[in-house]
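The structure appears below as structure tokens.
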Amino acid sequence: MTMDTGKAAVAWTLVALAVVLGGCGSGSGQGIMSVFQSKAQQDLSAGIKEYEGGNYAHAAKLLQASLDAGLSPADQVKAHKYLAFVHCVSGRQRQCRDEFGAALKIDPAFELSAAEAGHPTWGPVFRSVKGRR
């Protein structure tokens, strides 16, 4: 049984694609999803990771860059939420309130998770901002 030229070309293309995509997850640490994410989404993901690692200044830069690059409304809310967290833990209450306000302006139904809402630093700030709307 032989494969015609068209099928062989498709098969080799699929093999090459698998090899290329298989390499996307190695070395860079960003994985295959970075191939399909916009620069804004990559900055958002990196900003959240930096926040979770306690690198607040770098997280804020990446989160702001993600907003500047253009995110979907849902991702804008997420970026503003994490920026609020950064400002709150850094003792910048006004900026924290401003970021929560920006998130709520985009999505008035936005809520923190139960764990986030119970946080002693930003939970009260969020409730205060949400109560004014």
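The values are calculated or read from the model by the stated rules, or taken from the named source; none is laboratory data. These numbers were taken from a predicted model, which means no experiment stands behind them. Every residue, glycine among them, receives a Cβ derived from its backbone with ideal geometry; neighbour counts consider all protein chains shown.
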Residue by residue through the range 91-133, note down the ones that are in a loop (DSSP other than H, G, I, E, B), touching a Leu at 6+ places or on another chain (Cβ under 7 Å) and either without any contact (Cβ under 8 Å) to a residue 24 or more places away in the chain or surrounded by 13 or more Cβ atoms within 10 Å (Cβ to Cβ) (or both). F110
Just checking, how many residues over the range 69-97 are polar (S, T, N, Q) and over 17 Å from S38 (Cβ atoms)? 3
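Results for (1) aliphatic (A, V, I, L, M); (2) at pLDDT below 95; (3) closer than 28 Å to P124 by Cβ, shown as yes or no for each residue.
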{"position": "S38", "(1), (2), (3)": "no, yes, no"}
{"position": "D43", "(1), (2), (3)": "no, yes, no"}
{"position": "I48", "(1), (2), (3)": "yes, no, yes"}
{"position": "Y51", "(1), (2), (3)": "no, no, yes"}
{"position": "G54", "(1), (2), (3)": "no, yes, yes"}
{"position": "A79", "(1), (2), (3)": "yes, no, yes"}
{"position": "L83", "(1), (2), (3)": "yes, no, yes"}
{"position": "G91", "(1), (2), (3)": "no, yes, yes"}
